[in-house]
Amino acid sequence: MLNWKGKGYKTILDVLLKKIPNPSEEIPVEILLNKEVENIKWNTAQKDVIVSCKDGTTYTARSVIVTVSVGVLKERFDFI
């Protein structure tokens with residue numbers, strides 16, 4: 001498990017560039033890019049996150065990283 005809490009976006013970039021945890025090994029996490037997400041539900045009882053995507057797929061994880069543009073945040077801040 002990778003922990004980048006408090007380490008910033010550089011750690012995420014290092015994972016994407018396969019610099020960590022070990023460049024010769026597979027990344028021990030699943031990273032999905034360009035997935036249009038419709039809904040994110042935090043289940044505090046089970047301590048997991050359920051992500052529903054526009055293509056009908058659903059993912060359950062212990063944590064997720066969400067990146068959106070400032071324009072999206074400004075436009076939809078009241079829905080977040």
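Here is how the numbers come out for the structure above:
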| read-out | value |
| --- | --- |
| Over region 32-80, equivalent-ellipsoid semi-axes from the Cα gyration tensor in Å | 20, 14, 10 |
| Neighbourhood charge, 15 Å Cβ-Cβ cut-off, centred on Asp48 and excluding it, Lys, Arg +1 and Asp, Glu -1 | +2 |
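No value in this document is a laboratory result; all are computed from the given coordinates. Note that the structure is predicted; figures quoted are calculated from it, not measured. Methodologically, a virtual Cβ is constructed for each residue, glycine included, from the backbone with ideal geometry; neighbour enumeration extends over all protein chains shown.
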